[in-house]
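Chemist: Below are the structure tokens for one structure; questions will follow.
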Amino acid sequence: MKLFETSRTHLHSLMGLLSNATWLLSAEVVAKASRIITIVVLAAQLSPTSYGTAMLALAFHDVFGLILRAGVGSQIINCEPEKLESYAKNGILIQWGICLTIAIGQFSSADYLASLYDNEAISTLLKIMVVIYLLYPWVSIKIFLLQRQNKMRWFSVRNGICIIIENLTIAISAIFGADILAVAIGKIAFSIFWLLLFSFSPVISYGVGFCVPTIKIMLKTSGKLFNTEFFRGLRVHADTFVAGKLLTPELFGFYTFAKNAGVGLSQSLSQVYISALYPYLCKLRREGQLSVHLKKLGILSVMMSFMFVVQALIVPYYVPFIFDEKWAVTLPVISILCLAALPNFIIDSFCCLLRVNEQYHRETIARFTCLFISLISLYLFNPEDPMAFAVLILVSSLLCLLTLYFINAFIHIVHFITSLFNRRKPHEN
């Protein structure tokens, strides 16, 4: 009877993860339908050169934005109940500090980044999108509390609405001749509606606090998370930054389109799953049930990863049907990039588990290892066309996964030997 109740509890808990993932995925599917419209419109309205410029600016913006994930969100979602109020009150001050720092950093570095690629339009886009960081802190704590409480239905519906508004705004702006400015206009529209829709979240409002010891603890953890997110962000966009320097503007436009139309959709699936997985694992850890569910979660993650293989197989069918004929040359590049998303998904799942267990140093080492392998691969092989870039990204991603596997195996062996030694030592004494 006890075994039956335990199995029932485990099944109910796993269904909670699937429910959260389903709501996030449903909202993401609807949002991606509008995203496809945006990609189609941009592909029709922009030249490959302009398309590449817009994607490069968004890549820089995304790297700056990823620093937000190194703030207080992970700590509020994962902290013990008795620390929640203090973390929420002091977290808002840290969020404002981080957002203002990012805004100043992005604005002041915009001209340098534009000169690095000899493209003034990059500076214009980055400076306009700084506005986003002045809106985000107002509702960020409420969003973290929603995720902590696993209210993914409430979150996903409103997040999906914001994404749809962003995509449609970009499409409409491009049709009316905004050119690459359309992407900046869409980002601002997203942020405004994000602020409006999440201002009335069904969570407790803890207000603002100022406790120096708590702020020090949170900043110390944020520093560790910053390294992790920085390395992750650089790796995600390393190929884009390098391709922008090595390829001609037209070839770079083709490559960024392939990445956006292929791996961009794959990454969305990955982000949906990780977004549902992290608060769910945090809940299991607080309840002392994490180790019991690891095997089932591993099987579920492997099943999820095969979606990227399916996408790679159907690329020759959906891309020619949806997009303009001038992009047909990117079909094999898109398929290969979709396959590269599979090992990256497994790596993200592994790092998510490390973060849940507050093993920030191991997560940082894992992210740095992957970044190092990716950069060394790009430097050594110096690809000269989109296909070469795609193949190299796939190979380096597989190499990253294998390297992390052997590092993790080595750590387990060391722990096992250490535990044996510690057991024998008292006996010998």
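The values are calculated or read from the model by the stated rules, or taken from the named source; none is laboratory data. Here the structure is a predicted model, which means the values were calculated and not measured. Here the Cβ positions follow ideal geometry from the backbone for every residue, glycine too, while neighbour counts run over all protein chains shown.
Chemist: List the number of the failed condition for Ser34; all other conditions in (1) of a type in the set (Ser, Thr, Tyr); (2) at pLDDT 75 or above; (3) more than 30 Å from Lys220 (Cβ to Cβ) hold.
Modeler: (2)
Chemist: I'm checking my understanding of the structure. Among residues of segment 146-184 that are surrounded by 19 or more Cβ atoms within 10 Å (Cβ to Cβ) and of a type in the set (Val, Ile, Thr), which one is nearest to Leu46 (Cα to Cα)?
Modeler: Selected residue: Ile180.
Chemist: Would you pick out the residues in segment 166-180 that are within 24 Å of the chain's Cα centre (by Cα) and assigned to a helix (DSSP H, G or I)? Write out each step before concluding.
Modeler: Of the residues in segment 166-180, the ones within 24 Å of the chain's Cα centre (by Cα) are 166-171, 180.
Within segment 166-180, Glu166, Asn167, Leu168, Thr169, Ile170, Ala171 meet the criteria.
Chemist: Report every pair of residues separated by at least 6 positions or lying on different chains whose Cβ atoms are under 8 Å apart, first residue within segment 284-301 and closer than 21 Å to Glu80 by Cβ, second small (Gly, Ala, Ser).
Modeler: Taking only residues 6 or more apart or on different chains, the pairs are Leu284/Ser13; Gln289/Ser13; His293/Ser13.
Chemist: Quickly run through segment 196-210 and pick out the residues that are of a type outside the set (Ser, Thr, Tyr) and crowded, with 16+ Cβ neighbours inside 10 Å. Outline the logic, then answer.
Modeler: Step one: filter segment 196-210 for residues of a type outside the set (Ser, Thr, Tyr), giving 196-198, 200, 202-204, 207-210.
Selection gives Leu197, Phe198, Val203, Gly209.
Chemist: In segment 149-185, what residues are free of Cβ contacts under 8 Å to residues at least 40 places away in the same chain and more than 29 Å from Ser275 (Cα to Cα)?
Modeler: If the condition is that a residue be free of Cβ contacts under 8 Å to residues at least 40 places away in the same chain and more than 29 Å from Ser275 (Cα to Cα), then Ile172, Ser173, Phe176, Gly177, Ala178 are the ones that fit.
Chemist: I would also like to ask the following. Do we have Ile104 as surrounded by fewer than 18 Cβ atoms within 10 Å (Cβ to Cβ), at pLDDT below 85, more than 21 Å from the chain's Cα centre (by Cα) and in a helix (DSSP H, G or I) here? Lay out the reasoning, then the answer.
Modeler: Numbers: surrounded by fewer than 18 Cβ atoms within 10 Å (Cβ to Cβ): yes; at pLDDT below 85: no; more than 21 Å from the chain's Cα centre (by Cα): yes; in a helix (DSSP H, G or I): yes.
No: the conditions fail for Ile104.
Chemist: To continue, here is another question. For segment 311-333, enumerate the residues that are of a type in the set (A, V, I, L, M) and over 22 Å from Ala388 (Cα atoms). Break it down stepwise before answering.
Modeler: Keep residues of segment 311-333 that are of a type in the set (A, V, I, L, M), which gives 312-315, 319, 322, 328-329, 331, 333.
Within segment 311-333, Ile322 is the sole residue that qualifies.
Chemist: Any residue at all in segment 53-68 that is farther than 20 Å from Asp239 by Cα and touching a Phe, Trp or Tyr at 6+ places or on another chain (Cβ under 9 Å)? Quick ask: steps written out before the conclusion?
Modeler: Step one: list which residues in segment 53-68 are farther than 20 Å from Asp239 by Cα, which gives 68.
Okay, now just the ones that are also touching a Phe, Trp or Tyr at 6+ places or on another chain (Cβ under 9 Å), so 68.
Yes, segment 53-68 contains at least one residue that is farther than 20 Å from Asp239 by Cα and touching a Phe, Trp or Tyr at 6+ places or on another chain (Cβ under 9 Å).
Chemist: Enumerate the pairs (first residue in segment 324-338 and touching a residue at least 12 places away in the same chain (Cβ under 8 Å); second residue anywhere and exposed (fewer than 15 other Cβ atoms within 10 Å of the Cβ)) with beta-carbon separation below 6 Å, excluding pairs fewer than 6 apart on the same chain, so at least 6 apart or on different chains.
Modeler: Every condition considered, the pairs that remain are Asp324/Ala44; Leu331/Pro316.
Chemist: Mind listing whichever residues of segment 373-397 are over 11 Å from Ala238 (Cβ atoms), out of contact with any Phe, Trp or Tyr (no Cβ under 9 Å at 6 or more places or on another chain) and of a type outside the set (A, V, I, L, M)?
Modeler: Answer for segment 373-397, where residues must be over 11 Å from Ala238 (Cβ atoms), out of contact with any Phe, Trp or Tyr (no Cβ under 9 Å at 6 or more places or on another chain) and of a type outside the set (A, V, I, L, M): Phe381, Asn382, Glu384, Ser397.
Chemist: Could you check how many residues of segment 347-405 are outside any helix (DSSP H, G or I), under 27 Å from Leu247 (Cβ atoms) and of a type in the set (S, T, N, Q)?
Modeler: So the answer is 1.
Chemist: When residues of segment 324-344 are filtered for being surrounded by fewer than 21 Cβ atoms within 10 Å (Cβ to Cβ) and either hydrophobic (A, V, I, L, M, F, W, C) or over 18 Å from Leu394 (Cα atoms) (or both), how many remain?
Modeler: 6
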